[in-house]
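Heads up, the thing below is written out as structure tokens.
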Amino acid sequence: MKQMARLIIIIFILLFPFELVIAQAQPNKAVPPKKTKSEPLELGKSYASLRPEQKLLVDDFIRRYNATTGSKLVPQEAYDGGRLSVRTTFDAVTHALLNAKITDATGKSLGRAIDLVEAVDEVLGEESGVGGDRQFRMYVYLKDNAVDILSRSQEFFRDKDNTVYHGGFPICYRLKNGPPSIQFSISRDHKLSDVDVDYRASGFPKGLVNGHLSAANSDVRAGN
């Protein structure tokens with residue numbers, strides 16, 4: 001038995017260096033990187049975090065403001081210095097417009113919803129003492145063909161005219177899929193629009209009790 005044990009030990013000593021050399025000669029297997037969850041979208045963070053199309057709208061707004069008032073505001077400083085609710089509203093509405101693709105009945109692309117916007121007139125965040133339809137929305141100048149494109153779109157539908165809310169903007173087009181759902185409330189001359197995002201369903205009777213008629217309906221900070 002002792003001789004057998006010595007033989008096993010000798011064999012192990014002889015083989016072990018050989019196995020070590022083989023192991024060292026093998027290429028290292030790449031260890032796949034751990035998957036990390038993508039960072040959540042942080043709306044209204046900063047001018048630097050905006051997409052090029054969003055920056056163009058901010059730049060144009062500040063340029064027109066400076067030309068009218070004689071001011072010398074810098075777009076980045078103006079945006080970063082704005083109230084949080086105004087920044088999140090602008091970022092959330094334009095983000096939705098950027099991601100809303102428009103096609104006609106045959107599936108032909110008509111662009112994106114952001115392409116219907118000529119310029120920004122005003123952005124309203126949280127405002128005290130006013131109704132929900134005067135908070136968390138963006139007022140824009142529309143391009144000449146905007147209403148025509150919306151009427152041909154299979155993603156948007158012509159809803160009933162606004163008669164109580166969105167004063168001065170009776171023509172209503174809503175994104176079919178939602179909530180969240182983009183709403184264009186348009187003036188009768190088709191030149192201006194009140195644009196907001198509804199985060200709560202508008203149908204009856206759910207819309208009466210789920211907060212759709214409250215200001216929080218269009219406040220991206222109010223829910224998930």
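Going down the list LYS45/LYS191; LYS101/LYS143; LYS45/LYS160, which pairs span over 26 Å between their C-alpha atoms? Before the final figure, lay out each step's value.
On the way: LYS45/LYS191 30 Å; LYS101/LYS143 17 Å; LYS45/LYS160 36 Å.
Table pairs above 26 Å Cα-Cα are LYS45/LYS191; LYS45/LYS160.
If R0 is taken as 35 Å, the Cβ-Cβ distance between GLU77 and GLU53 corresponds to a FRET efficiency of 0.95. Based on C-alpha pairs under 8 angstrom that are at least 6 apart in sequence, region 82-222 has a relative contact order of 21 percent. Here, region 99-179 is characterised by an Rg to Rh ratio of 0.99, where Rg is the alpha-carbon radius of gyration and Rh the Kirkwood radius.
Tally Lys/Arg at +1 and Asp/Glu at -1 over every other residue whose Cβ is under 11 Å from the Cβ of THR88; what's the total? Don't skip to the answer; put the middle values down first.
Details: positive: LYS45, ARG83, ARG87, ARG221; negative: GLU42, ASP91, GLU126, ASP219.
Here the count lands on 0.
Here region 82-222 is treated as a sphere whose radius is the Kirkwood value from Cα pairs; by Stokes-Einstein at 10 °C and 1.306 mPa s it diffuses with a coefficient of 106 µm²/s.
Bear in mind that the values in this text are calculations on the coordinates, not laboratory data. Everything quoted here is computed from the prediction, not taken from an experiment. Virtual Cβ from ideal backbone geometry, glycine too; neighbours counted across all protein chains shown.
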